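Every number in this text was worked out from the coordinates using simple rules, so none of it is lab data. Since this is a predicted model, take the numbers as computed values, not measurements. So basically every Cβ, Gly included, is an ideal-geometry build from the backbone, and we count neighbours across all protein chains shown.
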Amino acid sequence: MNTVKSAQGAKAQAAAQSAAHEVNFASKSVPRHLARGAIGVGLIVGSIALVPVAGPATLLAAPLALVAFRGCPACWMVGLAQTISRGRLERRCADGVCTLTKAHPAAKAANEPAADMP
């Protein structure tokens, strides 16, 4: 019975790790990401602020903010963190434990994983 539980746990953990690798909200650059955020906030604020002037039809612009945010404002914040840390942090997983370490400049230039240094 113990081997069944460990096999199921290993499958679930592998699925969670593969799903974590697929989720990426980052942009190509920080200014581009900030521009997307400004567009999203502008659409939300504009659609709400224009209701007294142009009527409830302006609220139809609010869902466009979800496109700019790539989901929700929290997704945008996660993407900002990913965009800022891109190339500066390296994720290493061993024995089901993942850690973040500082990326080595030589590994970034060579485009290959860095070797562990003693």
If R0 = 41 Å, then residue 85 and residue 53, at their Cβ-Cβ distance, give a FRET efficiency to the nearest 0.05 of 0.50
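Taking the Cβ of residue 28 as the centre, find all other residues whose Cβ is under 12 Å away and add up their charges (Lys, Arg: +1; Asp, Glu: -1). Don't skip to the end; give the middle numbers.
On the way: positive: 32, 36, 86; negative: none.
Net charge around residue 28: +3.
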